[in-house]
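Asks: Please find one structure pasted underneath; my questions will follow.
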Amino acid sequence: MKAMIFAAGRGERMRPLTDACPKPLLKVRGRPMITYHVLNLVRAGITDIVINHSHLGHMIEEELGDGSRYGARIVYSHEPTPLETAGGIANALHLLGDEPFLAVSGDIYAPYFDFSQVVDVLKDKDMLGIPYPADKRDIAWLWLTPNPWHNPEGDFALDMYTLKNDGPVKWNFAGIGVYRPEMFEGIKAGEFVKFGPLMRKFIEQGRVGGELYEGQWVNVGTARQLEELNAPLGAAKTGS
């Protein structure tokens, strides 16, 4: 399985820190956030990694290089202007291949997420070994988290292991998912396309699975969150 790390966002809410540094290179406890992902992916045996970038993207390439010092093989998908999540994936499909791939946001801090669990979540056959029809099998699998302060209403409901657009309880999308390439085939390379409407369409069709992750997870969106993560152990208060 290949992995894609999203690193093309401008990080407006993190300014002025992101004026001179791409957001995924901001450090938590001495290590760039994106590097945690690279190391954890390699630890799980996922070594082929695509990283999209835009704002100050050359700094990401300078920091990570070809990935060889981490035991990875990293290639880059440059976006002259950010294409949003779905557009960024479509623009990089030629690098991701024909099999399901993992995609993870480069600005989340989830140091203990076990990426080995993502490899076989999209099933091609049922429990009896009978192949699912191509238009009925899950096209994506998302990880959700308890709702953080900045998203108290959540994004998606969860009915067993099937995502729903609405429900009595909704959870926050963690920015971690596995996708089949055909989900993005209708998007042209270089086209600006948001993730939410596309995902909700397939959820409505009953073709998106998912599960809840309750380990440490922070969507680092403010300078205060970054400061709390870097506070002395025992003093940090950011947990979501």
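Asks: Rounded to the nearest 10 Å², what accessible area does Leu212 have for a 1.4 Å probe in the complete protein model?
Replies: The accessible area of Leu212 comes to roughly 60 Å².
Asks: Not counting ligands, DNA or RNA, and with a 1.4 Å probe, what is Phe173's accessible surface area in Å² rounded to the nearest 10?
Replies: The value for Phe173 is about 40 Å².
Asks: Going from most exposed to least, what order do His37, His78 have by accessible area with a 1.4 Å probe?
Replies: His78, His37
Asks: What do you reckon, how do His150, His53 stack up by accessible area (1.4 Å probe), largest on top?
Replies: Highest to lowest solvent-accessible surface, that is His150, His53.
Asks: Between Met160 and Gln205, what is the label-to-label distance in nm when each label sits 7 Å out along the Cα-to-Cβ direction?
Replies: 2.1 nm
Asks: Let me ask something additional. For the pair Glu214/Asn151, report the inter-label distance in nm, with labels modelled 7 Å from Cα in the Cβ direction.
Replies: 1.9 nm
Asks: Hey, if we sort Met127, Met183 by accessible area with the 1.4 Å probe, largest down, what's the order?
Replies: Heavy-atom accessible area, descending, gives Met127, Met183.
Asks: While we're here: Which of Gln225, Leu158, Ile187 sits closest to the plus end of the dipole of segment 142-240, meaning its Cα is farthest towards the positive end, when Lys and Arg get +1 and Asp and Glu get -1 on the C-beta?
Replies: The one lying farthest along the dipole's positive direction is Ile187.
Asks: From the C-alpha coordinates alone, can you work out the Kirkwood hydrodynamic radius of segment 49-133, in Å?
Replies: Evaluated over segment 49-133, this radius sits at 15.2 Å.
Asks: Moving on. Might you report the magnitude of the Cβ-based charge dipole of the chain about its Cα centre, with Lys and Arg at +1 and Asp and Glu at -1, to the nearest 20 debye?
Replies: 380 debye
Asks: Only Cα pairs within less than 10 Å get springs; with that Gaussian network setup on the chain, which residue of Gly57, Gly167, Gly129 has the largest fluctuation?
Replies: Gly129
Asks: In vacuum, with every alpha carbon of segment 29-171 counted as one equal point scatterer, what does the Debye formula give for log10 I(q)/I(0) at q = 0.14, 0.16 Å⁻¹? Two decimals, please.
Replies: Each listed q corresponds, in turn, to -0.85, -1.09.
Asks: Name the most mobile residue of Ser105, Ser77, Ser68, meaning the one with the largest mean-square fluctuation, in a Gaussian network model of the chain with Cα contacts below 10 Å.
Replies: The residue with the greatest mean-square fluctuation here is Ser68.
Asks: OK, next. Using the Kirkwood radius over Cα pairs, work out the Stokes-Einstein diffusion coefficient for segment 118-211 at 4 °C and 1.567 mPa s, in µm²/s as a whole number.
Replies: After rounding, the answer is 91 µm²/s.
The values are calculated or read from the model by the stated rules, or taken from the named source; none is laboratory data. Computed from a predicted model, the values in this text were never measured in an experiment. Positions of Cβ are generated from backbone atoms using ideal geometry, with glycine treated the same way; all protein chains shown enter the neighbour counts. Just the protein is used for accessible areas: all its heavy atoms, side chains included, with ligands, DNA and RNA removed. Shrake-Rupley method; radii C 1.70, N 1.55, O 1.52, S 1.80 Å.
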